[in-house]
Protein chains: 2
Amino acid sequence: MRISAESERTYLQKVFAAIGFSNENSALLADTLVDADLRGISSHGIQRLAWYVNMVKEHTIEPKNEVKVLKETATSLLIDANKNMGQVACALAMHKLIEKTKKSVVSIAVIRNSNHFGTAGYWARMAVEEGLIGIANTNTRPLVVPPNATQAFLGSNAFAFTFPAEPHPFVFDGATSVVSSGKIQVLDKKNQEIPGEWAVDKERKIVKNARKAEDILATAAFTPHQKGGGVLTLGGIGEDNSNYKGLGNSLVVELLTGILAQGSISADTSVGKHDFSQFLMTIDPSFFGDLDTLRDNATSMFNRIRNLEHLPNTEIKIPGDREYKYYAENSENGVSVDDKTAEDLKRIGQELNVPVPETLS
Amino acid sequence: MRISAESERTYLQKVFAAIGFSNENSALLADTLVDADLRGISSHGIQRLAWYVNMVKEHTIEPKNEVKVLKETATSLLIDANKNMGQVACALAMHKLIEKTKKSVVSIAVIRNSNHFGTAGYWARMAVEEGLIGIANTNTRPLVVPPNATQAFLGSNAFAFTFPAEPHPFVFDGATSVVSSGKIQVLDKKNQEIPGEWAVDKERKIVKNARKAEDILATAAFTPHQKGGGVLTLGGIGEDNSNYKGLGNSLVVELLTGILAQGSISADTSVGKHDFSQFLMTIDPSFFGDLDTLRDNATSMFNRIRNLEHLPNTEIKIPGDREYKYYAENSENGVSVDDKTAEDLKRIGQELNVPVPETLS
């Protein structure tokens, strides 16, 4: 079904308030999910709600806890999310970083005791809307098998990077692994096969059946057990195509998040504290040159790439092109909600006495 | 043939001094090439010498030019390499960044009008030897075809990242593309086939013949012409395995180097100025926690990864494992020099009246 973004927002705000978040934080959380749905990143949209509500019930998330700034300088922040949502800690951190970077050219924040933070791109876009470069990383539940390994250990470890450009900023946002587990969940819900080399079983054989892959991942991510196998690093199944570079990218995120924060590494988030850690950075490009000139130069490079000679019936897309196209379309036509999520919304609405969004005709 | 690292160093210092570099810069340049050869990164070792010497002759490199600091704050640097080698500018920049970061937690440098800077890892390791996280990026000649495209446009755009660990630091260092062009040159010299999906022709068909791939790349990189085709982004030939993520990684480097520096982007370095740009960053992890604890936690994570269940007769390697193993072996046994490079060394030695290194028996 399709619902309007505004009805999605109203519903989400009421649900978040009903389970204990402040009005301000309820509005923030709703905005991060609506924003993801508008951008076509439905894996990080309203379909996460049931998971968030459960984590509040299980006290993995504590909606009333205050986020604490543990250490702060002109260029750096160490923040304790204090088991509240990642979004709550990241909004505080990113507002502070934007201020700091406008004075100090660069600044960084590390967040511990955190939870899911929505899309990484949301935080990196906050910076670029102020004319800054934004970077956001998080570790995740264990999902990814290193080269040659037959067990999941690494997180899908998101990385987002933004840079000013027209008609929209450069927004590179995604898992460092070949795909996020969300992409496999979506295929599973649609009963479709996996088109590429995304997941392997305990013998490191490619898994094409999305249901089977989803079963492997859910066990590794949400239980103390593993069936063996998981998602591949970017670069594929063998070392021939440099899948160790995908490992490197993933480990960079793990070092900047779980290790710097002294939180759990991805491998240890399926049991115990279930905490994630985040790393945020902003850079002021205008230290290096006139912002309009830099934006124009980036725009011109992207246009040259879009117009390179290419295979017939294909397009060359710059990171961000897809999400801004969806944003325009979905703002007009409403966001799409799958059947399983629609049932969740009804159930949660009944439980908390919140009216569910109306289906658009 | 094999030569001792010390004889390589002596020879290189004398050659660099003979073509116009100061004694200090000659020692630095020699060290970056010897270091690469010791670490088994022969693509960035003494085999680059003939290329460097030619660029000095053609005035792409100006060995007597002074590197200039254009702007400087407590956290940031904009540097004009003034057509000297990238190594000369990066040594100045990295020394300053290490000092700045020890006071300010994080600092960044952008370098314009630069040339080749050796391995990215050399600069990132300088930081980690001081207990800091080091990051180094450079753009390069145009070699890489974006997803769906049939023309080279992007550089192989190196990325290095270091983090303290034992028995050696984490050193992730390499091209953001599936491979560097150096790996294809090495296969070509050995008359071997390309084992993976590394390069494509003008119809975006995989090229297995290293000679043919090298011909495509040399034309794109060193002439105003293109034969079509080039190296693939990490993630392979089709979008199914997320090769657009490889594009994203490459563009992040291009934005931080060519665009921030207002130098040439990779696509434009095959003609005209031939300038590269570099981006360096250091972060002080000890702001976030006790350095020994962070190092121990990283070490323990890496050891757990090395010991994950894996396929028989394989190893799980952490970035850096390979280069520190080679470093130990080659320090003992000398570094390997291929026949073509040995001829170059002889020719250059005769021209400049510098005795060539003796072959180890």
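The condition of being at pLDDT 95 or above and touching a strand residue (DSSP E or B) at 6+ places or on another chain (Cβ under 9 Å) holds for only one of B:A30, B:A50, B:A93, that being B:A93. Working only within the stretch B:232-242, note down all residues that are crowded, with 24+ Cβ neighbours inside 10 Å and not in a loop (DSSP other than H, G, I, E, B). Within the stretch B:232-242, B:L232, B:T233, B:N241 qualify.
Evaluation of A:E130 against the conditions (1) under 25 Å from A:K325 (Cβ atoms); (2) within 12 Å of chain B (Cβ to nearest Cβ) shows that the sole unmet condition is (2). Quick one: is B:S336 touching a Pro at 6+ places or on another chain (Cβ under 6 Å) and either within 26 Å of B:I41 (Cα to Cα) or modelled with pLDDT of 95 or more (or both)? The answer is no for B:S336. Filtered by the rule that a residue be in contact with a Leu (Cβ under 7 Å, 6 or more places away or on another chain) and either free of Cβ contacts under 8 Å to residues at least 40 places away in the same chain or basic (K, R) (or both), the stretch B:79-92 gives B:I79, B:D80.
For the stretch B:280-295, residues that are within 10 Å of chain A (Cβ to nearest Cβ) and either acidic (D, E) or touching a residue at least 40 places away in the same chain (Cβ under 8 Å) (or both) total 8. Take A:R125 and decide whether it is over 30 Å from A:D290 (Cβ atoms), of a type in the set (D, E, K, R) and modelled with pLDDT of 95 or more. The answer is no for A:R125. Being within 14 Å of chain A (Cβ to nearest Cβ) and of a type in the set (K, R) is the filter; apply it to the stretch B:303-332 and report the residue that is nearest to B:S43 (Cα to Cα). This residue is B:R322.
Results for (1) in contact with a Lys or Arg (Cβ under 6 Å, 6 or more places away or on another chain); (2) modelled with pLDDT under 95; (3) more than 24 Å from A:P285 (Cβ to Cβ), shown as yes or no for each residue.
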{"site": "B:T257", "(1), (2), (3)": "no, no, no"}
{"site": "B:H274", "(1), (2), (3)": "no, yes, yes"}
{"site": "B:F288", "(1), (2), (3)": "no, no, yes"}
{"site": "B:A298", "(1), (2), (3)": "no, no, yes"}
{"site": "B:L308", "(1), (2), (3)": "no, no, yes"}
{"site": "B:I318", "(1), (2), (3)": "no, no, yes"}
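Which is over 25 Å from the mean Cα position of the chain (by Cα) and among the acidic types (D, E), of A:E332, A:E343, A:E351, A:E323? Checking each option against the conditions leaves just A:E351. Residue pairs whose Cβ atoms lie under 9 Å apart, separated by 6 or more positions or on different chains, with the first residue in the stretch B:53-72 and within 14 Å of chain A (Cβ to nearest Cβ) and the second among the acidic types (D, E), are B:V69/B:D80; B:L70/B:D80. Would you be able to say whether some residue in the stretch B:50-70 is exposed (fewer than 14 other Cβ atoms within 10 Å of the Cβ), over 20 Å from the mean Cα position of the chain (by Cα) and aliphatic (A, V, I, L, M)? Yes, the conditions are met somewhere in the stretch B:50-70. Taking (1) within 28 Å of B:N243 (Cα to Cα); (2) within 13 Å of chain B (Cβ to nearest Cβ) in turn, A:V335 satisfies each apart from (2). Here B:L255 passes the criteria (1) over 30 Å from B:T150 (Cβ atoms); (2) within 22 Å of the chain's Cα centre (by Cα) except the one numbered (1).
Figure legend. Inter-residue proximity from the stretch A:206-226: first residues without any contact (Cβ under 8 Å) to a residue 12 or more places away in the chain, second residues surrounded by fewer than 17 Cβ atoms within 10 Å (Cβ to Cβ), beta-carbon distance below 7 Å, spacing 6+ or different chains. Indicated pairs: A:T219/A:H225.
When the residues of the stretch B:202-231 are filtered to those that are outside any helix (DSSP H, G or I) and in contact with a Lys or Arg (Cβ under 9 Å, 6 or more places away or on another chain), the one that is surrounded by the fewest Cβ atoms within 10 Å (Cβ to Cβ) is B:K202. If you go through the stretch A:242-301 and keep only what is basic (K, R) and out of contact with any Gly (no Cβ under 7 Å at 6 or more places or on another chain), you end up with A:K273, A:R295. Scanning the stretch B:272-283 for residues that are touching a strand residue (DSSP E or B) at 6+ places or on another chain (Cβ under 7 Å) and surrounded by fewer than 24 Cβ atoms within 10 Å (Cβ to Cβ) returns a single hit, B:D275. Tell me, please, whether a residue that is buried (at least 18 other Cβ atoms within 10 Å of the Cβ) and either polar (S, T, N, Q) or more than 30 Å from A:N243 (Cα to Cα) (or both) can be found in the stretch B:307-329. Within the stretch B:307-329 (the criterion being buried (at least 18 other Cβ atoms within 10 Å of the Cβ) and either polar (S, T, N, Q) or more than 30 Å from A:N243 (Cα to Cα) (or both)), the answer is no, since none of the residues qualifies. For the stretch B:140-165, which residues satisfy the criterion of being within 11 Å of another protein chain (Cβ to nearest Cβ), crowded, with 24+ Cβ neighbours inside 10 Å and not in a strand (DSSP E or B)? Residues satisfying the conditions are B:P146, B:P147, B:A152, B:F153, B:P164, B:A165. Among the helices (runs of 4 or more DSSP H) confined wholly to the stretch B:262-360, which include 2 or more residues that are closer than 30 Å to A:R112 by Cα? Helices (runs of 4 or more DSSP H) meeting the threshold: B:291-306. Within the stretch A:241-254, residues that are facing chain B (nearest Cβ under 7 Å) have Cβ atoms under 7 Å from residues that are at pLDDT below 95 in these pairs: A:N241/B:G196; A:N241/B:G236, counting only partners at least 6 apart in sequence or on another chain.
The values are calculated or read from the model by the stated rules, or taken from the named source; none is laboratory data. Everything numeric in this text was worked out from a predicted model, so none of it was measured. Glycine also receives a Cβ, built like all others from the backbone with ideal geometry; neighbour counts cover every protein chain displayed.
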